[in-house]
Amino acid sequence: MPELPYLQKGLEHPNKSAIIDSRGAWTYAELAENVDSAACALAGAEDSIEGERIGIFMDPSKETLAMFFGILEAGGVAVPLSIFAPARELAYQVEDAGLKRLISDPTTHAERIEETKALGASFNVSNRLHLLDNSSRRSLATPSSDAPAVMLYTSGTTGRPKGVVHSHASLINQVEVLREAWQWHDADRLLHCLPLHHVHGLINGAIGALWAGAQLRLMPKFDAVDVWRTFSSREATVFYAVPTIYHQLVEAWEAEDPVVRDPWAQGAAALRLAVSGSAALPETLFQRWRLITGQILLERYGMTEIGMAISNPYEGERRPGTVGQPLPTMDIRIVDEDGADLPPEQPGEIWVRGASLFSEYWQRPEATRDSFRDGYFMTGDIAELRNGYYRILGRASQDIIKSAGYKISALEIEEQILSHPSVSEVAVVGVRSEEWGEVITACVVLRPGESMDLKQVRDWCSDKLSAYKHPRRLELRDALPRNTMGKVIKPQLVTELSQS
Ligand code: MCA
Ligand code: AMP
């Protein structure tokens, strides 16, 4: 039996269904057994793999989560990697995180692993099947609560993506706060269709559901019709998604015949809770969802570094266009440029302190230090408190784009486009979109005599950046607007592009 508390609640009813995926189901007892197998196989002859970072490069499945908890139980740090990442991004993460081992399913991702190795990344691949096929289970040393448990990569306004490290204590606080705030119970069934390498899908969704002893139903990939069908078959009581997914669900529903869509809406109406987060939920979408399903979406605010910080109430008014009030254990301030507290209705930066905060940016002590002031993490998000509810107004920097719920660094994309021989100058910005939040738009000045279209830009990016970072729109310009310091005036570009 795992020593860590993550599955404790579920194991009170060991024969209860824990995870369902496209290949079948595991009870909590089966999940725990597989976690033990993986942990012991990873530890080998040792008592603990203390602090070893191990990559997980697998499609979402029961086994992926057994690997995740197995790494934690063995005393290691799980580093879930995006299955959409091209070899170059993987090679960077393998090197940055110092991964010596990567767990994968050789039948599905062998080619990308070989490409990653061909780029010089050196690591061993552990076949997930071998890790589960291990009968020599024994007790291992239990990691302390402040030991690192998970590392998630996130983009910032400087440099390449950084590894955000959360301890066991932080992870447990995150899921316990949500369990209480959103009244999770073991009869709940979460329909899960988000990637497992971000806080939303991994911590809130997968770990949160299992922490509550509930059932987790993993979809291999988001598909609007599959989600509606699952609602209508009453197989879910809770649903978590980003606004883009709610938008696509609404569009899919509206495109259907009433005979088909009426039972879908009735199924969604029966959900206990539907949560939106990771990006701003447009008020129109909040209302469209309400009209179709009668459900009042619960919007909340969080970030990779801080977990969930502010949430609309489970009971009480869920106010559209707002993210509610601070969650327990989280202390929120709205401050001006000097770090002085602002009164309600005055917009300022959100600073956060609390038990869900990360421990560090992996091997970047300076970046970690610079992201805090007076003990508070400076989020870079602008917000105001109005009539007792926080409202997110945007980001301080236009170098961060939020598209489809993903946080994307404009600078990372600019660096790649600038390496194209036809490109003289580039600025990448996010242009507002009801469906995507922002659409990644590349504004390019070409070298004399050169030509370029969107497909060429995307092809150029394809082996360098994950698909969700590829520009969706290209603007060819004679020059970019620059201030007297020579810096591109991105707000001006965004305004111009929003009008065209
Ligand atoms: C895809 N398309 C796009 C974009 N993405 N167009 C504009 N902007 C985009 N960002 C287009 C494609 O070109 C394609 O068009 C069509 O949409 C389908 O593309 P595909 O790649 O298949 O998209 P998808 O698989 O349907 O993905 C949409 C998705 C996905 C399901 C919304 O992006 C997703 O899972 N997002 C969630 C990300 C997430 O979990 N973020 C949480 C991190 P065509 O058909 O014309 O070729 S934030 C977090 O964790 C914090 C802590 C928090 O607060 O939660
Ligand atoms: P990430 O770093 O991927 O975890 O993304 C965190 C960022 O997503 C935050 O800093 C916000 O900019 C944004 N975000 C998350 N939830 C919301 C929300 N409900 N409304 C507006 N922005 C949000």
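The figures follow:
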{"item": "Residue among GLY388, GLY430 that is surrounded by fewer than 20 Cβ atoms within 10 Å (Cβ to Cβ) and small (Gly, Ala, Ser)", "result": "GLY388"}
{"item": "Scan of the stretch 461-500 for residues that are touching a residue at least 60 places away in the same chain (Cβ under 8 Å), part of a helix (DSSP H, G or I) and not small (Gly, Ala, Ser), ordered by number", "result": "TYR468, LYS469, LYS490, PRO491, LEU493, VAL494, LEU497"}
{"item": "All positions within the stretch 272-292 that are open to solvent by less than 10 Å² (accessible area, probe 1.4 Å), farther than 13 Å from HIS247 by Cα and more than 15 Å from ligand 1 (Cβ to nearest atom)", "result": "LEU273"}
{"item": "Flag if GLY213 is on the phi > 0 side of the Ramachandran plot and touching a helix residue (DSSP H, G or I) at 6+ places or on another chain (Cβ under 6 Å)", "result": "yes"}
{"item": "Residues of the stretch 450-472 that turn out to be within 16 Å of ligand 2 (Cβ to nearest atom) and small (Gly, Ala, Ser), as a count", "result": "1"}
{"item": "The lone exception for VAL227 - which of (1) more than 30 Å from ARG261 (Cα to Cα); (2) open to solvent by less than 40 Å² (accessible area, probe 1.4 Å); (3) assigned to a helix (DSSP H, G or I) it fails", "result": "(1)"}
{"item": "Every pair of residues 6+ apart whose Cβ atoms lie under 7 Å, when the first sits in the stretch 304-316 and is open to solvent by 10 Å² or more (accessible area, probe 1.4 Å) while the second is of a type in the set (Gly, Ala, Ser) and within 9 Å of ligand 2 (Cβ to nearest atom)", "result": "MET308/GLY302"}
{"item": "The stretch 421-440 residues that are farther than 18 Å from ARG458 by Cβ and within 14 Å of ligand 2 (Cβ to nearest atom), paired with ones that are open to solvent by less than 20 Å² (accessible area, probe 1.4 Å) and in a strand (DSSP E or B) (beta carbon under 6 Å, 6 or more apart)", "result": "GLY437/SER403"}
{"item": "Test: GLU114 is charged (D, E, K, R), within 27 Å of SER48 (Cβ to Cβ) and either open to solvent by 20 Å² or more (accessible area, probe 1.4 Å) or modelled with pLDDT of 90 or more (or both)", "result": "no"}
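Each row is one residue, and each column tells you yes or no for (1) part of a strand (DSSP E or B); (2) at positive phi; (3) away from ligand 1 (no atom under 14 Å from the Cβ); (4) touching a Ser or Thr at 6+ places or on another chain (Cβ under 8 Å).
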residue	(1), (2), (3), (4)
SER126	yes, no, yes, yes
ALA141	no, no, yes, yes
THR158	no, no, yes, no
HIS197	no, no, no, yes
ASN204	no, no, no, no
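The values are calculated or read from the model by the stated rules, or taken from the named source; none is laboratory data. No experiment lies behind these values; they were computed from the predicted model shown. So basically every Cβ, Gly included, is an ideal-geometry build from the backbone, and we count neighbours across all protein chains shown. Heads up: the accessible areas ignore ligands, DNA and RNA and are worked out on the full protein's heavy atoms, side chains in. Shrake-Rupley method; radii C 1.70, N 1.55, O 1.52, S 1.80 Å.
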